[in-house]
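Notes follow once the structure below has been shown.
The values are calculated or read from the model by the stated rules, or taken from the named source; none is laboratory data. Quantities reported herein were computed from a predicted structural model and do not represent experimental measurements. Here Cβ is always computed from backbone atoms with ideal geometry, including for glycine, and neighbour counts include all displayed protein chains. Side chains included, ligands, DNA and RNA excluded: accessible areas come from the protein's heavy atoms. Shrake-Rupley method; radii C 1.70, N 1.55, O 1.52, S 1.80 Å.
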Amino acid sequence: MDMRRHPVLALLSLVLAGCGVAPDNREPVARATPTTSTGANWEKPQARQCVAELGSAGADFAPLADRYYGAGCSALDSVQLERVGGDLGPLTVTNLGPLACPLANTFSAWARYGVDRAARQILGSPLVRIETMGSYSCRNVAGTGRLSAHSRAEAIDVSAFVLADGRRISLVSGWNGSEQERAFLRTIHRSACKRFGTVLGPDYNAAHRDHLHLELGSGSFCR
């Protein structure tokens, strides 16, 4: 762990695009603009423990300052995650914004033990990259007035996986693709359901045909 990348007491404060994320057909964007930014309270024992665990797992990340965006949207105790640890080396993660530290830890473990190992066992090649559609976005759950977990940086949308042999397995084409692709994607979907509070995939509805929605929470909603 390179402490220059993520010293707990010397935080990096990023200027975030926040709610300027372009609308898509998954969830409507809530109206909000960045308002206040404060120093993240990394003195809290649970927050310090979280970043310590993330670093021990081999992740490359930077703690971020807390940010409030208005309209109920915020990114608190969050990190900027670039790579997670794998059995054979680091695994790159693309397109992430602020990510709540507890979610980053759960995602890191899933990537290593659920995805990388399944890729080697089922597809015969190690994982090198996970592609996402992002994490933080100030928006509502589709069809409701309720804020999405994305509005708290507590959800990730995962769209594809790149292997060491160059193959790219995407949700949009692989979910009903070859036998190996189907087996791999359904295996990692089941693995995600054991770790995250909410997991939504292509079988849930058309809005999730191209990604896995992974969300923190105490429940167990797996579709």
Please report, in cubic angstrom per residue, the volume enclosed by the convex hull of the alpha-carbon atoms of the stretch 34-165.
-> 101 Å³
Between LYS194 and GLU53, how many nm apart are label points set 7 Å from Cα along the C-beta direction?
-> 1.7 nm
Taking every pair of alpha-carbon atoms in the stretch 162-223, give the share separated by more than 17 Å as a whole percent.
-> 40 percent
Per residue accessible area of the stretch 55-190, 1.4 Å probe, in Å² | 35 Å²
For the stretch 40-96 the GluC sites (Glu not before Pro) that pass both the DSSP coil test and the at-most-14 other-Cβ-within-10 Å test are GLU43
Roughly speaking, what is the stretch gain from ASP203 to TYR113, that is 0.36 nm per residue apart minus the C-alpha to C-alpha distance, in nm to one decimal?
-> 30.1 nm
